[in-house]
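Working notes, structure below.
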Amino acid sequence: MLHHLAYASAAPEPVCPARLADLLDVSVRNNTRDGISGVLLYHDQSFFQVLEGERQAVEQCYMRILGDSRHSGVLRLWSQRVEERVFSHWAMGYAGPDQLPQVQSSAQDRLIRLLRLREAGPANEPVALALTRQMYKRFRFGMMRYSGPILT
Ligand code: FAD
C-alpha cells in the first residue's frame, strides 16, 4: 500500500550547497534501498519534503528525519494513502529557489511566513495545510513546464 507524507521544517542557519549535497547523497542512497521516492524543496532556511513509498518505509525514514539536528520544528503536513507515485523517477529530487518557477517561490514564501508564526497556535495549521497543498499543486504543474536542471 502506497503512502504519501509531507512535512515542513526550519534549518537553524542557512544550509550551504555542500551540506545540501551531503544530505541528498545520503537520502538518495537510503531511499533507493527503501523504495522511497519524493522531492525536497529548500528555500530561505526552510525545508518542505514529500516522501512516498510503502507506509512502514516512509514512517521509518520520517522517524530518522525527525531526529536530525540539521533542522527543527518539523511539522507533518499530511500523511495519506495514495494510488500511485508522483515522483517515481526520483529517489529524492531536489529543488531550491533557483530551480523553482517564480509562482512556486511566492507560494513557498507565504507558507514559510506562516510556519514562522506557528507559535501563535494550532489554529494556523489548517491554513498551513491548505497553502501547502496549493504549493504542491503548483510545484507539480511548474515541474511539468520547467526544463532546467533538477539535481537528484
Ligand atoms: P549515516 O549514513 O550513518 O549518516 C548519514 C550522514 O549524514 C553522516 O555521514 C553525516 O555526514 C550526515 N549527518 C547525519 N546527521 C547529521 C547532523 N546532525 N549534522 C550534520 N550531518 C549529519 N534521510 C533519508 O534517508 N531520506 C530522506 O529523504 C531524507 N531527507 C532529509 C531531509 C532533511 C530536511 C533532513 C535534515 C534530513 C534528511 N535525511 C533523509 C537524513 C536523515 O535525517 C538521516 O540523517 C539519515 O537518514 C541517516 O541515514 P543513515 O542512518 O544511513 O546514516
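Taking the conditions (1) at pLDDT 95 or above; (2) surrounded by 15 or more Cβ atoms within 10 Å (Cβ to Cβ) in turn, residue 52 satisfies each one other than (1).
Being modelled with pLDDT under 95 and either more than 10 Å from the ligand (Cβ to nearest atom) or farther than 24 Å from residue 25 by Cβ (or both) is the requirement here; does residue 80 meet it?
Numbers: modelled with pLDDT under 95: yes; either more than 10 Å from the ligand (Cβ to nearest atom) or farther than 24 Å from residue 25 by Cβ (or both): yes.
Yes; evaluated as a whole, the condition is true for this residue.
Applying the set (1) among the aliphatic types (A, V, I, L, M); (2) outside any strand (DSSP E or B); (3) under 14 Å from the mean Cα position of the chain (by Cα); (4) modelled with pLDDT under 90 to residue 103 leaves exactly one unmet item: (3). Taking residues in segment 20-40 that are closer than 18 Å to residue 70 by Cα and touching a residue at least 60 places away in the same chain (Cβ under 8 Å), and partners anywhere that are more than 7 Å from the ligand (Cβ to nearest atom) and of a type outside the set (A, V, I, L, M, F, W, C), the pairs with Cβ atoms closer than 6 Å and at least 6 places apart or on different chains are 24/94; 39/93. Does residue 21 qualify as being modelled with pLDDT of 95 or more and more than 7 Å from the ligand (Cβ to nearest atom)? No. Restricting to segment 55-67, name every residue that is loosely packed, with under 14 Cβ neighbours inside 10 Å and closer than 28 Å to residue 16 by Cβ. Within segment 55-67, 63, 64, 66, 67 qualify.
Residues in segment 68-77 that are of a type outside the set (Asp, Glu), open to solvent by less than 70 Å² (accessible area, probe 1.4 Å) and within 8 Å of the ligand (Cβ to nearest atom): 1 in all.
The values are calculated or read from the model by the stated rules, or taken from the named source; none is laboratory data. No experiment lies behind these values; they were computed from the predicted model shown. Reconstructed Cβ throughout: ideal geometry from the backbone, glycine too, with neighbour counts over all protein chains shown. Each accessible area value is taken on the protein alone, full model and side chains, heavy atoms only, with ligands, DNA and RNA left out. Shrake-Rupley method; radii C 1.70, N 1.55, O 1.52, S 1.80 Å.
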